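Notes to accompany the following structure.
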Amino acid sequence: MLVDDVPFTHLTAEKVESIVTALKAGVSPREIADPAGHASSHVEYVDALVESNIRQAGAVFFSEPTDPSAIVADIVARHPEEVIDATSVSKLRGRGGAGFSAGLKWKLCRAAPEETKYVICNADEGEPGTFKDRVILTRCPEQVFTGMTVAGYAIGAQEGIIYLRSEYAYLLDYLEATLASLRDRNLLGERIGGREGFDFDIRIQLGAGAYICGDESALIESCEGKRGTPRVKPPFPVQQGYLRKPTAVNNVETFATVTRIMEKGARWYEAMGTNSSSGTRLLSVSGDVDLPGIYEIEWGTTLNEVLGKVGARDPRAVQVSGPSGECVSVAKDGGRRFSYNDLSCNGSLMVFNQQRDLLGIVRDFMHFFVEESCGICVPCRAGNVELYNKINLIIGGRAVEQDLEEIRNWAKIVRGASRCGLGTTSPKPILTTLESFPEEYQSKLVTQEGPLLASFDLNAAMEGFAVASQTLLPEPTPEKARMQEVSK
Ligand SMILES: Cc1cc2nc3c(=O)[nH]c(=O)nc-3n(C[C@H](O)[C@H](O)[C@H](O)COP(=O)(O)O)c2cc1C
């Protein structure tokens, strides 16, 4: 829960009541959340508000601190192309969802024929169930900013922007203080690491609470001060991004990983994981588990292994990568491995036990997409509403077999014709549960009897008519109203 910009967690009815009582007594949200009154630029303040809950640190995150000075000194002694080559050798793929090669992205950006270039860190983290970037920014922000600086050096940029989701505004002062400390140590600013001509600084851009602004081109529009709507691609951001200049947009985890790769070596990193998916990945685990929180796993780990670690309770389904990902069946898919070739995961893992109402969850996810569609293209704006209506029809026990066929057809249109990744993934809550749990749908279908479509609800239609006809009646005059009262 957010009160102004202050987050409150672990909510219970009693806790909410005490918060409301304090607010009514004039105590500020900040004082309630952090009674010790820490400075908002200190990590103690951040920790007082939201806990990090790191359950399993790994080779890349949280186990040992990084030394930005040593890393910067090392990279400025190398040619920028060597830095890009090292990133390519590590086989690091973007951690924001699409899994594009980080080295190749930087190579394309460096090669783009423009003098001015930009680096953007995508800290929008809007996918429901994802909270790993928040924890990285809390526990090791220097690792992220150093990764951005490495990218700036590699592609030849002078400015970096970190786009922070509005719900993370409570991190703002802390992150500004971290940037100031890096400037003090000449790790940002002019002649970084003593290297003539290497000038690079980072500014923070706060989002305004739109999921669509996680899409890199909508994010760029938002950074430019415009409404966050996705651009038509091509051109891609590496060709024309922020202010139409070549821009490398990467996820928080991607930048932080780059820092570790520069520190420990590309071969060291590449040796972990699998052939298609090198290294490790952070999972934000929530749902019906005993130990929710952050886990660093090596790619190649199976779903069952992770479920064992997190203490999953009687799990039936796992939503991998949030609503835009896939809903898998533990019984059928437990042996699948996390990798870009199999269970590719953007960091969100929600576990649902046998008692959960899966169709209700699907309906909530579709509602999320209806709310978050930016509306710029018709297939996404209208198609998601159609799909949302269909799932309601199914839940209401008024759908027939033909509705499933129509769902598949709508999904094809939304996925195939939408402008951006929101529409190409939004039908997935329905499609993947249809695939993994067809019985959930089949048990709700009815067979059509008589001339009326099963989907046609006569009572609801008449109710609407009654309301509409009432509103058409003229207001009674005072005289007539009194007469009506008397006659009653
Ligand atoms: C609707 C939508 C939301 C997205 N949200 C995020 C996000 O919150 N964080 C993120 O890093 N990438 C997000 N992405 C992916 C970005 O567009 C982009 O691929 C990513 O930031 C590139 O970084 P990477 O190569 O390091 O993964 C989103 C994409 C779409 C279509």
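Here are some notes:
- Residue match in the range 379-397 (condition: within 16 Å of the ligand (Cβ to nearest atom), out of contact with any strand residue (DSSP E or B) (no Cβ under 9 Å at 6 or more places or on another chain) and farther than 20 Å from residue 326 by Cα): yes
- Scanning the range 214-236 for residues that are within 15 Å of residue 420 (Cα to Cα), more than 8 Å from the ligand (Cβ to nearest atom) and outside any loop (DSSP other than H, G, I, E, B) yields 220, 221.
- Taking the listed residues 304, 341, 346, the one that is outside the structural domain of residue 59 (by TED's automatic domain parsing), in contact with a Gly (Cβ under 6 Å, 6 or more places away or on another chain) and surrounded by fewer than 24 Cβ atoms within 10 Å (Cβ to Cβ) is 304, with no other qualifying.
- Only residues that are more than 12 Å from the ligand (Cβ to nearest atom) and at positive phi were counted in the range 128-156, giving 1.
- Segments classed as strands (runs of 3 or more DSSP E), wholly inside the range 241-359, with at least 1 members that are among the polar types (S, T, N, Q) and more than 15 Å from the ligand (Cβ to nearest atom): 280-287, 315-320, 326-329, 348-353
- Counting only helices (runs of 4 or more DSSP H) that sit wholly inside the range 53-127, those with at least 1 residues that are within 16 Å of the ligand (Cβ to nearest atom) are 80-89, 102-111.
- Failed item in (1) in a helix (DSSP H, G or I); (2) in contact (Cβ under 8 Å) with a residue 40 or more places away in the chain; (3) more than 22 Å from the chain's Cα centre (by Cα), with residue 46 passing the rest: (3)
- Selection count where residues are in contact (Cβ under 8 Å) with a residue 12 or more places away in the chain and either within 16 Å of the ligand (Cβ to nearest atom) or in a loop (DSSP other than H, G, I, E, B) (or both), scope the range 417-435: 12
- Residues in the range 180-213 that are touching an Asp or Glu at 6+ places or on another chain (Cβ under 8 Å), among the hydrophobic types (A, V, I, L, M, F, W, C) and assigned to a strand (DSSP E or B): 3 in all.
- Any chance residue 360 is surrounded by fewer than 19 Cβ atoms within 10 Å (Cβ to Cβ) and under 30 Å from residue 381 (Cβ atoms): yes
- Out of 210, 266, 248, 256, sole residue that is surrounded by fewer than 20 Cβ atoms within 10 Å (Cβ to Cβ) and touching a residue at least 12 places away in the same chain (Cβ under 8 Å): 266
- Screening 183, 203, 191, 195 for residues that are surrounded by fewer than 17 Cβ atoms within 10 Å (Cβ to Cβ) and under 29 Å from the mean Cα position of the chain (by Cα) leaves exactly one candidate, 203.
The values are calculated or read from the model by the stated rules, or taken from the named source; none is laboratory data. Predicted, not measured: the structure shown is a model, and the values here were computed from it. Don't worry about glycine lacking a Cβ; one is built from the backbone with ideal geometry, like all the others, and counts go over all protein chains shown.
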